[in-house]
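Colleague: Sharing a structure below in structure tokens format, with a few things to ask.
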Amino acid sequence: MQINGGVRFCEPGMRASIRAMHVQSELLGIINENVEGFDKVGFQRREPVVSAMSEYIGIHGISKTVDDEVGRIMVSKNPLDIAIANKGYFQVLTQNGVKLTRDGRFKLDKDGNLITLEDFPVLSDAGVPIQLPVVPDNIDKVVVDTKGKVSVFDKNTHQMADAGFIGVVDANGMAVLDPVVKQGYNEYSNVSIQNEFLRVKPVVRNFEANRQIFLIESGNLQKVISQLGSAT
């Protein structure tokens, strides 16, 4: 009995060049996504992860991770704009289940429920929607402390009534003990335009190098086809 084993790989050069250009195009797409998200509230930049096998499997060897560093926190005139100064996410209840977000632009509905701009309920640390015990006539009467405790001034009792704590969790759903919640602030993206532009240069160079290789191989192939045609 004879057993033959081993790994053999023979790849046409033009196909490898095209696949490499596809990889570089995908990387450019990720960088462009970051640039577009620069001024978006709660946007977190995407970091491409290129597998060593991408040389052979193309764009299927590329994945993305999320950079969870805190972005630019800026003052807002809306008391219901909430930012997290530490790593973590708000929890909101959507039609597809619980979603994690750092976009803290909230509002109140007519029943005093704290909701997102898309009308999704904001969840407390107990996992239930946050509803104010009284509906204020002015959102300035809503107070959120650094721990995320939501309170509202009750004009009938002239006291602050608590509505619970805004739930802040990490990417794995574990509670963040010290979120450092800031009321009246928005967190913009953690994207650095300068760094993104610097990342473009090597990607473009690699794309152009593979493009030149493709053109050379294409020209050589045309010559071969032409010579074969003349020989017959």
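Colleague: Confirm whether residue 133 is without any contact (Cβ under 8 Å) to a residue 60 or more places away in the chain and touching a Leu at 6+ places or on another chain (Cβ under 6 Å).
Modeller: No.
Colleague: Could you please find all residues in region 182-201 being within 14 Å of residue 71 (Cα to Cα) and open to solvent by less than 40 Å² (accessible area, probe 1.4 Å)? Talk me through it step by step, then tell me what you get.
Modeller: Within region 182-201, the subset within 14 Å of residue 71 (Cα to Cα) is 182, 185-193.
186, 187, 189, 190, 191, listed by residue number.
Colleague: Checking the condition open to solvent by 40 Å² or more (accessible area, probe 1.4 Å), over 30 Å from residue 18 (Cβ atoms), basic (Lys, Arg) and modelled with pLDDT under 95, which residue from 223, 155 passes?
Modeller: On the way: 223 fails: over 30 Å from residue 18 (Cβ atoms).
Result of the check over 223, 155: 155.
Colleague: Of 156, 210, 190, 172, which residue is assigned to a helix (DSSP H, G or I), at negative phi and out of contact with any strand residue (DSSP E or B) (no Cβ under 7 Å at 6 or more places or on another chain)?
Modeller: Criteria check complete, one pass: 210.
Colleague: Strands (runs of 3 or more DSSP E) wholly in region 10-108 with at least 2 residues that are open to solvent by 60 Å² or more (accessible area, probe 1.4 Å) - which ones?
Modeller: Qualifying strands (runs of 3 or more DSSP E): 46-50, 62-66, 73-75, 97-101.
Colleague: Give region 139-184 a look and list any residue that's polar (S, T, N, Q) and touching a residue at least 40 places away in the same chain (Cβ under 8 Å), or say none.
Modeller: 183
Colleague: Do we find that residue 137 is among the charged types (D, E, K, R), farther than 29 Å from residue 45 by Cα, modelled with pLDDT under 95 and open to solvent by less than 70 Å² (accessible area, probe 1.4 Å) in this structure?
Modeller: no
Colleague: Of the conditions (1) under 29 Å from the mean Cα position of the chain (by Cα); (2) outside any loop (DSSP other than H, G, I, E, B), residue 147 clears all except one; give me its number.
Modeller: Checking residue 147 against (1) under 29 Å from the mean Cα position of the chain (by Cα); (2) outside any loop (DSSP other than H, G, I, E, B), the one that fails is (2).
The values are calculated or read from the model by the stated rules, or taken from the named source; none is laboratory data. The structure presented is a predicted model; accordingly, all values stated were derived computationally and were not measured. Using ideal geometry, Cβ is built from the backbone for each residue, glycine included, and neighbour counts are taken over all protein chains shown. Side chains are part of the model used for accessible areas, which takes the heavy atoms of the whole protein and leaves out ligands, DNA and RNA. Shrake-Rupley method; radii C 1.70, N 1.55, O 1.52, S 1.80 Å.
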